[in-house]
Amino acid sequence: MMAQETESVELTKSDLFGLPNWQTRTVGVDGFVLGMTRERAVEVANAKNLRLVPSGPGLTIAERRGSCVQARCSVHWAHGNWLGIDLFFDGNKINKIAVGLSADMDPEDKEVNIAREFKGLTYQFFNNYSERLRNQILGSAEAKRDSSMPRDTDHLKYLQYEYPQSGVVLHLTTNDQEPIDLTLDFSAPR
């Protein structure tokens with residue numbers, strides 16, 4: 001692999017999906033990069049007036065207010081809103097970055113959502129999602145039921161599209177084929 005293909009691509013500065021061989025690139029979002037240590041992630045958060053909030057199922061209120069020592073932490077402004085970024089740690093290193101956007105987010109959360117800062121095709125993917133765009137950018141994949149979500153209902157479907165060669169998993173909640181929630185997980189390609 002060429003050196004430039006292994007450099008990280010910061011989604012707030014470059015159009016990841018517009019780059020050739022984007023699937024081989026290491027992803028960074030708002031300064032958080034796959035492979036980064038937890039200590040460095042805390043430094044990045046502090047420098048940007050952000051905080052890492054423990055998240056995930058089963059946490060107590062005290063744990064949610066504590067330091068980010070869990071496997072999953074959400075990125076928030078120091079005194080407020082979620083930015084749309086979740087960091088997943090395997091031991092001491094970030095092994096997955098999830099970027100999420102929801103149609104029914106609070107207006108304040110939508111306003112600060114990191115996807116608003118993305119460029120080109122990457123911006124379009126998050127902010128104007130369509131099946132056509134997914135196929136164009138990520139390629140075709142069979143939709144599976146997203147087992148990390150509640151059971152489907154008559155009106156809500158929870159879908160997951162996996163792209164292991166790219167290290168990408170798309171989680172999509174739809175309401176009669178209209179996207180409501182979209183989360184894209186970035187991890188190392190397999």
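The values are calculated or read from the model by the stated rules, or taken from the named source; none is laboratory data. Small disclaimer: the values here were computed from a predicted structure and weren't measured. So basically every Cβ, Gly included, is an ideal-geometry build from the backbone, and we count neighbours across all protein chains shown.
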Report summary line: Only unsatisfied item for residue 121, checking (1) out of contact with any helix residue (DSSP H, G or I) (no Cβ under 6 Å at 6 or more places or on another chain); (2) surrounded by 13 or more Cβ atoms within 10 Å (Cβ to Cβ); (3) of a type outside the set (Phe, Trp, Tyr), is (1)
Report summary line: Restricting attention to region 131-164, the residues that are more than 21 Å from residue 72 (Cβ to Cβ) and over 17 Å from the mean Cα position of the chain (by Cα) number exactly 19
Requested in this report: Search region 70-102 for residues being in a loop (DSSP other than H, G, I, E, B) and among the hydrophobic types (A, V, I, L, M, F, W, C), and hand back the single one that is surrounded by the fewest Cβ atoms within 10 Å (Cβ to Cβ).
Outcome: 78
Requested in this report: Scan region 28-69 for residues that are polar (S, T, N, Q), surrounded by fewer than 19 Cβ atoms within 10 Å (Cβ to Cβ) and within 19 Å of the chain's Cα centre (by Cα) and jot them down.
Outcome: 37
Query raised in the report: Checking residue 108 against (1) surrounded by 13 or more Cβ atoms within 10 Å (Cβ to Cβ); (2) assigned to a helix (DSSP H, G or I); (3) among the charged types (D, E, K, R), which test does it fail?
Result: (1)
**Report entry** Any hit, region 80-98, residues being among the acidic types (Asp, Glu) and closer than 26 Å to residue 26 by Cα
**Finding:** yes
Report task. Starting from region 60-86, take each residue that is on the phi < 0 side of the Ramachandran plot and list its partners that are at pLDDT below 70 and not in a loop (DSSP other than H, G, I, E, B), counting only C-beta distances under 8 angstrom and pairs at least six apart or across chains. Result -> 70/63
